[in-house]
Each structure stands twice: as structure tokens, then as C-alpha cells.
Amino acid sequence: MATNIKVEFTIEPWVDGDPPERVNRCIAAIEALGINVELGPFGTSFIASSEVAGPAVSAIITTAYEFGATHVAIDVEKAD
């Protein structure tokens with residue numbers, strides 16, 4: 001049985017203003033998995049089933065570093 005997982009992440013270096021390409025690419029990679037993403041002032045988050053959350057976290061890490069991230073922080077907690 002799948003559990004809902006909340007994932008919140010931040011990608012550095014942080015810049016003021018519009019999200020940089022590395023953040024937008026990560027959001028697109030997550031949305032391609034059918035997950036709705038919420039962009040907040042201090043982090044980006046989503047809730048997904050445990051079956052999809054793992055591939056989404058992998059997509060965040062891969063995409064962020066591919067597009068110039070120096071640090072990726074990911075917080076995962078049970079959403080149920």
C-alpha cells in the first residue's frame with residue numbers, strides 16, 4: 001500500500017527574483033511524473049505517493065546538478 005510523502009527541497013546557489021533555470025528544470029522533471037509542485041519563498045514542495053516520490057527525488061538531484069547546483073537540500077516526511 002502506497003503512503004503519501006511530502007518532499008520539500010531547496011537548490012543552491014540561491015538567487016533573488018525569478019527561479020533560476022535549474023529550479024524550473026527540476027519542477028518540469030517532477031511535473032513530467034504527474035506530480036503537482038508548489039513553489040514557495042524558501043523552498044519547493046510536493047506530495048506524492050511513495051511509489052512516485054523516490055523517482056521524483058532522483059530527478060531533482062540529477063537535474064539540479066546537471067544545471068549548476070552546488071547544494072541540494074531535501075526534506076521528506078510522511079504526509080498521511
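Observations on the structure shown:
- The modelled label-to-label distance for the pair ASP80/ASP16, using points 7 Å beyond Cα in the direction of Cβ, is 4.4 nm.
- Label-to-label distance for GLU8 and SER45 is 0.5 nm, based on points extended 7 Å past Cα in the beta-carbon direction.
- Total charge dipole magnitude, the stretch 4-78, about the Cα centre, Cβ charges on Lys, Arg, Asp, Glu only, Debye to nearest 20: 160 debye
- Over the chain, equivalent-ellipsoid semi-axes from the Cα gyration tensor in Å: 21, 12, 11
- The long axis of helix 50-66 is offset from the longest Cα principal axis of the chain by roughly 10 degrees.
- Percentage relative contact order, the chain, counting C-alpha pairs under 8 Å, at least six apart: 54 percent
- Dipole axis of the chain (+1 Lys, Arg; -1 Asp, Glu on Cβ), positive-most option in ILE74, VAL37, SER50: SER50
Values in this text are rule-based calculations from the coordinates and carry no lab data. Everything numeric in this text was worked out from a predicted model, so none of it was measured. Virtual Cβ from ideal backbone geometry, glycine too; neighbours counted across all protein chains shown.
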